[in-house]
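The values are calculated or read from the model by the stated rules, or taken from the named source; none is laboratory data. A quick note: this is a predicted structure, and the numbers were derived from the prediction, not measured. We place every Cβ from the backbone using ideal geometry, glycine too, and count neighbours over all the protein chains shown. In case anyone asks, the SASA skips ligands and DNA or RNA and just uses the protein heavy atoms, side chains included. Shrake-Rupley method; radii C 1.70, N 1.55, O 1.52, S 1.80 Å.
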Amino acid sequence: MEWEVVIGLEIHVQLSTTTKIFSGASTAFGAEPNTQACAVDLALPGTLPVFNENALRMAVMFGLAVDAEIGKRSVFERKNYFYPDLPKGYQTTQLAEPIVGPGHVDIETDEGVKRRVRIHHAHLEEDAGKSLHEDFHGMSGIDLNRAGTPLVEIVSEPDMRSSKEAAAYARKIHAIVTTLGICDGNMAEGSMRCDCNVSVRPKGQEAFGTRTELKNINSFRFIERAIDTEVARQIDLIEDGGKVVQETRLYDPDRNETRSMRSKEDANDYRYFPCPDLLPVVIDDSYIEAIRATLPELPDARRARFIDEYGLSEYDAGVLSAYRAQADYYEQVVNACGDAKLAANWVMGELAKFLNQSDTDIKDSPVSAEQLGGLLVRIKDNTISGNIAKKVFELMWSRGGSADEIIEAEGLKQVTDTGAIEQIVDEVIANADKQVEQYKAAEPEKRGKMLGFFMGQVMKATGGKANPGAVTGILKQKLDALCD
Amino acid sequence: MFDKTLAELAEGLRKGDFSSVELTSAYLARIKAEDGRFNSFITVTEAQALAQAKAADAAIAAGNAGAFTGLPIAHKDLFCTQDVRTSCGSKMLDNFASPYDATVVARFKQAGAVMLGKTNMDEFAMGSSNESSFYGPARNPWNTDCVPGGSSGGSGAAVAARLTPAATGSDTGGSIRQPAALCGITGIKPTYGRVSRYGMIAYASSLDQGGPMARTAEDCAMMLNVMAGFDPMDSTCLDREVPDYTATLNEPLAGLKIGLPTEYFSDALDPQIAERVQAAVAEFEKLGATVKEVSLPRTELSIPAYYIIAPAEASSNLSRFDGVRYGYRCENPKDLEDMYKRSRGEGFGAEVKRRIMVGTYALCAGYYDAYYNKAQQIRRLIQQDFVRVLEDVDVIMGPTTPHPAFRIGEKNNDPVSMYMEDIFTLSLNLAGLPGMSVPCGQVDGLPVGLQIIGDYFAEAKLLNIAHQFQQVTDHHQQAPAGI
């Protein structure tokens, strides 16, 4: 049987406010346990929440970015359950009246599948603390630094039909929230966490299959792998005559398997009700429009502009606009070198390679956009070839400094003096009788391909510094002269 | 000295008739000698009180004294007090010393008041008799076999017994007004949002409101001057100017329009109480007020609505008492669930558990609409009734309670009959309106309270009316026998 996969995502995005959603404590990551938890975060008796307006502003920004209805009246509710890292015994969240109503984003996978994914709603809520189960001799430690960190939970409709679409959707949300500057996008630190609702159904069937929820996945790669693993499990189960049970499962990336956490029967009745300590949040059009006026260029618009203005391919434009810091970097390189395509090739090629290998964010790249632009200028004015430029880039990355300094210090300037090149070409031809004979014997239209050998010899003799364009011209001219 | 009001004591301090240290020492000694009979204090903060008194005397000597400098008061034990036990009348918080001051406490400190100690109360403010306190019931100074009312029973008893000239209370369904009535003192529940709730341990957040309890309306006005006002730490606290409540106490009452709700004078009301209230209303007529009958048809519905909303909020508010971070934790828990169950099972008393269960049930997915939503609808209707009536009259008057103080233990096995005691007070909390209780006579040697209900933020008016009443009557000056 042919199966169709149905996926909906719930993405938790930590908002980059400086203080918590309902208290004045700092939200900075990585502090000593419980040093960033005030009386309100500890839920001391008598304490009360006060809503951080910055979190509201950021949530509205997100809503506008996904073309959503903004809730002019939103209400915080209490979701009641007991857990040691939930100090109040309830999470303050939104349910019936969220800040962001229905919206949508458009996605495209690497394979070119395009789809509009509808967003059901997005709501504001507070994060819980962390339970630490190691180092406490059979007991658990509680760190409440994270408790009260503002989150926007973005709930999609079950509109995705493959793990690749799910990852593309998550990447798009990441692109939007980082472009808006409302989230630092650091997935390793948990700034964006993803729950995947996954089900399968026979192709053509309208009714959804029973879904499972994969909790807390914190990388795009794991989203794909976790869904693929879960889909395979569900299909095997059904084809073996079994039934999928509605439950929450945990993805174990080390074993690449999903495991049951709790079933629907264990689910809490959260007894939601409006939080009486907080008033409904009421905003008007002028508030919303003032925020709209501050929105930066969004990834989709930027992508369109990259295609339009720079003549980039859809794919390149998509990759470069997906992450704001990268898009900003790219545009600075374009400004510095004046060649959008060359800049795209280098940012997505050599630079991306070095960033990936060293696990470095582009914001922390040791080679600045201006410096990379300076390097590309030297390719364009034929001071160096593309191959030499890679060598220069490597040195810029490892040692620092501008392209010009390194070209000068390493003597990598390209030989463009045709006299000097002609002399070397003559020597190469004189020492390659066999290849010259083959060249002469070949059909004229196949001779172009045979230039490679001679080219290699010239480059070898010049240490790669000969201008490849000039060499090609001279080689062709001299070899063709032998054929007449 | 112990018969003096706050206003009179302030005058004495200003004139140098006595120092704050002398005053404070005298009250501390009196508490030590007398409170065994009343059990009105959970904690007496002797050392701190004397230090505050000393500082107050220095301020008075330096000419830096404010209206409240050096005056002793007590706080209901649900106001958090830094480094002092804040028990909320519960075993759960018997070991809890707050690391911070409630806004109300901080404001009294700022004003130079001296805190004598923390008063007894129904556990987590859940009760109308003070019997649910982990520290045992406070007793009514008029008859120590009787309850002082609740939940601010300790404050009521302490003021009536002259163990403190005044005390703070909190009122979720009548917890200031009912003990004030039963103890023969004066108390006011301000408009919801008038006094900060920050640091006042929550019972039912949408109903709780702190307020003063003293012997006179004038003293309540002095206290409210300190307590009222915007607090950025409480989102439900209103940013609205605070008048000087003592400035308008002497406004004449000529032309005052009083409404008497038919429903407050039904057969369920003790006829002797009805008579005392009618006599009080007659005094107002002498002062130039006019009286008309009005109707609050949903009065009876306030009990079921309240006993859904308050427990629902309480069930969530009290979830933080889980044994994890502070408060009572059971011995040797087997695992997390065991710790939760036994810490809460052993730390909370019966009435608190009853309300947590009722509230949890009311909020459950299948019952939410039938209970919580319905109760909220009734709440809005009750509010509309008041608004409608208050378009027609300036204030509403009636009895504070249907009966005088009952005997300790009398209603222990009948929670519904206990809940019925709050019939006249609950609806104000549901509507968020201010109300006060003023002594208006006695029945069988026990005090009776007149309730005065006003429009939103009409505290100054209520205090003015009560003060004028106290200028022509002496019910508030009566002291229990042997006091």
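Could you please put B:251, A:408 in sequence from largest to smallest accessible area, using a 1.4 Å probe?
A:408, B:251
What's the average, rounded to a whole number, of partner chain beta-carbon atoms within 10 Å of each residue's beta-carbon in B:319-330?
Average neighbour count from other chains, rounded to a whole number: 5.
Karplus couplings for region A:245-253 from phi (6.51 cos²θ - 1.76 cosθ + 1.60, θ = phi - 60°), rounded to Hz, Gly and Pro as x?
9, 5, 7, 9, 10, 10, 8, 9, x
Averaged over its residues, how many other protein chain Cβ atoms are within 10 Å of peptide A:301-311's Cβ atoms?
That average works out to 0.
Along each of the three principal axes of the Cα atoms of region A:418-483, give the extent in whole Å, ordering the values from largest to smallest.
On the principal axes, region A:418-483 reaches 30, 21, 17 Å in Cα extent.
Starting at the first residue of region A:426-431, write each ³J(HN,Hα) from the Karplus equation 6.51 cos²θ - 1.76 cosθ + 1.60 with θ = phi - 60°, in whole Hz, x for Gly and Pro.
Taking θ as phi minus 60°, the curve returns 4, 4, 4, 5, 5, 9 Hz for region A:426-431.
Residues of region A:245-292 losing 10 Å² or more of accessible surface, assembly versus chain alone, probe 1.4 Å, please list them.
Residues losing area: A:269, A:271, A:272, A:273, A:274, A:276, A:277, A:279.
Is there a simple number for the mean count of other chain Cβ atoms within 10 Å of the Cβ of residues in A:88-99, and what is it?
So the per-residue partner count for this stretch is 2.
Can you return the lysines within cross-link range of residue B:91? Criterion is Cα-Cα under 25 Å, with same-chain partners fewer than 8 residues away left out.
A:88, B:32, B:76, B:118, B:334, B:341, B:353, B:411
Starting from 0.36 nm per residue, how many nanometres of slack lie between residue A:237 and residue A:4 once their C-alpha separation is accounted for?
82.4 nm
Starting from the amide H of residue B:290, placed 1.01 Å from N in the peptide plane, find each other amide H under 5 Å away whose residue is 5 or more places distant or on another chain.
B:255, B:256, B:257, B:258
Suppose R0 equals 60 Å. What FRET efficiency, 1/(1 + (r/R0)^6) with r the Cβ-Cβ distance, do residue A:140 and residue A:106 give to the nearest 0.05?
0.85
Rounded to the nearest percent, how much of the accessible area of chain B (1.4 Å probe, protein heavy atoms only) is carbon and sulfur?
Carbon and sulfur atoms account for 51 percent of the accessible area of chain B.
Calculate for the protein assembly as shown the 222 nm mean residue ellipticity that helices alone would give, adding -39,500 (n - 2.57) per DSSP H run of length 4 or more and normalising by residue count, nearest 500 deg cm²/dmol.
It comes out at -12000 deg cm²/dmol, rounded to the nearest 500.
Which order do the peptides B:442-450, A:345-353, B:170-178 take when ranked by the mean count of other beta-carbon atoms within 10 Å per residue, highest first?
Per-residue mean Cβ counts within 10 Å order the peptides as B:170-178, B:442-450, A:345-353.
Within region A:299-410, what whole-number % of the accessible surface is contributed by carbon and sulfur, with the 1.4 Å probe and all protein chains included in the calculation?
Percent of accessible area from carbon and sulfur atoms in region A:299-410: 44.
For chain B, which longest stretch is free of loop sites, where a loop site is one of the GluC sites (Glu not before Pro) that DSSP puts outside H, G, I, E and B and that has at most 11 other Cβ atoms within 10 Å?
B:1-240
Have a look at region A:3-287 and give its Rg and Dmax from the Cα atoms, expressed in angstrom.
Cα-based Rg and Dmax for region A:3-287 come out at 19.2, 58 Å.
Looking at region B:340-366, which residues lose a minimum of 10 Å² of accessible area between their chain alone and all protein chains in place, measuring with a 1.4 Å probe and not counting ligands or nucleic acids?
In region B:340-366, residues shielded by partner chains: B:340, B:344, B:360, B:363, B:364, B:365.
Whole percent per 5 Å bin, from 0 to the bin with the longest distance: what is P(r) over all C-alpha pairs of region A:82-183?
Each 5 Å bin holds this share of Cα pairs: 3, 11, 16, 16, 14, 13, 12, 8, 5, 1, 0.
Beyond 26 Å, what share of the Cα-Cα pairs of region B:130-260 remains, rounded to the nearest whole percent?
So the pairs more than 26 Å apart make up 26 percent of the total in region B:130-260.
State, as an integer percentage, the relative contact order of region A:3-287 based on alpha-carbon contacts under 8 Å between residues 6 or more apart.
Worked out over region A:3-287, it gives 24 percent.
Can you tell me the equivalent ellipsoid semi-axes for chain A? Use √(5λ) from the Cα gyration tensor, largest first, whole Å.
55, 27, 21
What whole-number value in Å² describes the accessible area per residue of the protein assembly as shown for a 1.4 Å probe?
Computed with neighbouring chains in place, this is 40 Å² per residue.
List the lysines whose Cα lies under 29 Å from the Cα of residue A:380, skipping any in the same chain that are fewer than 8 positions away.
Within the straight-line limit of under 29 Å, residue A:380 reaches these lysines: A:341, A:353, A:363, A:390, A:391, A:413, A:449, A:460, A:465, A:476, A:478.
With all protein chains present, how much of the accessible area of region A:3-287 (probe radius 1.4 Å) comes from carbon and sulfur, to the nearest whole percent?
The computed percentage sits at 48.
What share of the DSSP beta bridges in chain B is antiparallel, in percent to the nearest 5?
The antiparallel fraction comes to roughly 70 percent.
Size of region A:363-472 along its principal axes in angstrom, Cα-based, largest extent first?
Each principal axis gives a Cα extent; for region A:363-472 these are 55, 25, 21 Å.
In terms of modelled amide H atoms, which long-range or inter-chain residues lie less than 5 Å from the amide H of residue B:411?
Under 5 Å from the amide H of residue B:411 lies no amide H from a residue far enough along the sequence or on another chain.
Which of the lysines could a cross-linker bridge to residue B:461, judged by Cα under 19 Å and excluding same-chain residues fewer than eight apart?
Answer for residue B:461, where 19 Å is the Cα cut-off: B:189, B:257, B:286, B:292, listed by chain and number.
Using a probe radius of 1.4 Å on protein heavy atoms only, what is the accessible area buried between chains B and A, both sides summed, to the nearest 100 Å²?
Roughly 2700 Å².
How about region A:115-213: which GluC sites (Glu not before Pro) there lie in a loop by DSSP and see at most 11 other Cβ atoms within 10 Å?
Answer in residue order: A:134, A:206.
If packing is taken as the average count of other Cβ atoms within 10 Å, what order do A:294-303, B:56-65 fall into, highest mean first?
Those peptides, ordered most packed to least, come out A:294-303, B:56-65.
Pop out the ³J(HN,Hα) list for region A:123-137 in order, Karplus 6.51 cos²θ - 1.76 cosθ + 1.60 with θ = phi - 60°, rounded to Hz; leave Gly and Pro as x.
10, 8, 7, 9, 7, 8, x, 10, 9, 10, 9, 9, 6, 10, 6
Which whole number in µm²/s is D for the protein assembly as shown by Stokes-Einstein, with the Kirkwood Rh taken over Cα pairs at 37 °C and 0.692 mPa s?
Translational D for this selection: 99 µm²/s.
May I ask for the distance between the Cα centers of region A:306-362 and region A:46-112, given as a whole number of Å?
Region A:306-362 and region A:46-112 have Cα centres separated by 33 Å.
Sorted from largest to smallest, which semi-axis lengths in Å does the alpha carbon gyration tensor of chain B give for its equivalent ellipsoid, taking the root of 5 times each eigenvalue?
Over the Cα atoms of chain B, the semi-axes work out to 31, 29, 20 Å.
Determine the relative contact order of chain A: mean sequence separation of Cα pairs under 8 Å and six or more apart, normalised by residue count, in whole percent.
This gives 13 percent for chain A.
Once the mean 1/r over all distinct Cα pairs of region A:56-132 is inverted, what Kirkwood radius in angstroms do you read off?
14.3 Å
Taking loop as defined by DSSP and a crowding limit of 16 other beta carbons within 10 Å, which GluC sites (Glu not before Pro) in region A:20-112 fit?
Of the GluC sites (Glu not before Pro), the ones in loops of region A:20-112 whose Cβ has at most 16 other Cβ atoms within 10 Å are A:69, A:111.
By per-residue mean of other Cβ atoms within 10 Å, what is the highest-first order of B:353-363, A:8-18?
Descending packing order for the listed peptides: A:8-18, B:353-363.
Could you tell me which of rounded, prolate or oblate describes region A:223-332, using a ≥ b ≥ c as the square roots of the eigenvalues of the alpha-carbon gyration tensor, with rounded for a/c under 1.5 and, failing that, prolate when a/b is larger than b/c and oblate otherwise?
Cα axes put region A:223-332 in the oblate bin.
Post the alpha-carbon centroid distance, region B:1-26 to region A:458-484, in whole angstrom.
110 Å
If Rh is defined by the Kirkwood formula over all Cα pairs and Rg also comes from Cα, what ratio Rg/Rh do you get for region A:299-410?
0.96
Can you tally the net charge around residue A:204? Count Lys and Arg as +1, Asp and Glu as -1, for every other residue whose Cβ sits under 12 Å from the Cβ of residue A:204.
-1
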